[in-house]
Amino acid sequence: ADEAFVAATRERVADERERLRAAIAERFDVRQSDAPFLLFDAGDVGVDALLERARERGVVLRDARSFRGLDSHVRVAVKDRAANDRLLWALGLAPEPET
C-alpha cells in the first residue's frame, strides 16, 4: 500500500540492475533484462570455475545449465549496492569491498 516505497524500490532495482549489467558486460555476455536478476554466459571462464570462485568468496550463483539452451550460463540476483559490490568482487570484476 506504500506507493512511495514501491516506486523507490523499483527505481533502486533498475539502477542497480543497470550498474551490474554494465560491470558484468565488461567480461561476460549478459542478456538484457527487466527482471530483478541477470543471466550471463560464463564464457571461457566456465560455469564450474565461476561457481567455485564465487563460493570461495561467500557468494552463491545460480547455475542455469539445467535450463534448455543455457549450457554455459549463470544467473545472479540484483540486490542492494553492498551485496552487488560483493558479487562483482566474487566474479573478479571489482576490488574487494570494504566491510
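The values are calculated or read from the model by the stated rules, or taken from the named source; none is laboratory data. On a predicted model such as this, the values are computed, not experimentally measured, just so you know. Heads up, the Cβs are rebuilt from the backbone with ideal geometry, glycines too, and the neighbour counts pull from every protein chain shown. In case anyone asks, the SASA skips ligands and DNA or RNA and just uses the protein heavy atoms, side chains included. Shrake-Rupley method; radii C 1.70, N 1.55, O 1.52, S 1.80 Å.
Inside the range 1-27, residues that are in contact (Cβ under 8 Å) with a residue 60 or more places away in the chain and not acidic (Asp, Glu) make up a count of 8.
Kindly evaluate Arg21 against the criterion of being among the basic types (Lys, Arg) and either more than 14 Å from the chain's Cα centre (by Cα) or open to solvent by less than 70 Å² (accessible area, probe 1.4 Å) (or both). Considered against the rule, which asks whether it is among the basic types (Lys, Arg) and either more than 14 Å from the chain's Cα centre (by Cα) or open to solvent by less than 70 Å² (accessible area, probe 1.4 Å) (or both), Arg21 comes out as yes. Within the range 37-56, how many residues turn out to be buried (at least 17 other Cβ atoms within 10 Å of the Cβ) and either touching a Cys at 6+ places or on another chain (Cβ under 8 Å) or in a strand (DSSP E or B) (or both)? Number satisfying all stated conditions: 4. Which one of Arg86, Arg81, Arg55, Arg75 is under 15 Å from Phe40 (Cα atoms) and either charged (D, E, K, R) or touching a residue at least 60 places away in the same chain (Cβ under 8 Å) (or both)? So the residue among Arg86, Arg81, Arg55, Arg75 that is under 15 Å from Phe40 (Cα atoms) and either charged (D, E, K, R) or touching a residue at least 60 places away in the same chain (Cβ under 8 Å) (or both) is Arg75. Against the numbered list (1) small (Gly, Ala, Ser); (2) open to solvent by less than 80 Å² (accessible area, probe 1.4 Å); (3) assigned to a loop (DSSP other than H, G, I, E, B), Ala1 comes up short only at (2).
For Asp34, are the conditions met, namely being closer than 27 Å to Glu11 by Cβ, open to solvent by 90 Å² or more (accessible area, probe 1.4 Å), of a type in the set (Asp, Glu) and modelled with pLDDT of 95 or more? Answer is no for this residue. Here Glu98 fulfils each of the conditions (1) of a type in the set (D, E, K, R); (2) exposed (fewer than 13 other Cβ atoms within 10 Å of the Cβ); (3) in a helix (DSSP H, G or I) apart from (3). Filtering Arg27, Arg10 for residues that are at pLDDT 95 or above and either on the phi > 0 side of the Ramachandran plot or open to solvent by 40 Å² or more (accessible area, probe 1.4 Å) (or both) leaves a single hit, Arg27.
Scan the range 57-72 for residues that are open to solvent by less than 80 Å² (accessible area, probe 1.4 Å) and either more than 28 Å from Thr99 (Cβ to Cβ) or aliphatic (A, V, I, L, M) (or both) and the total you get is 6.
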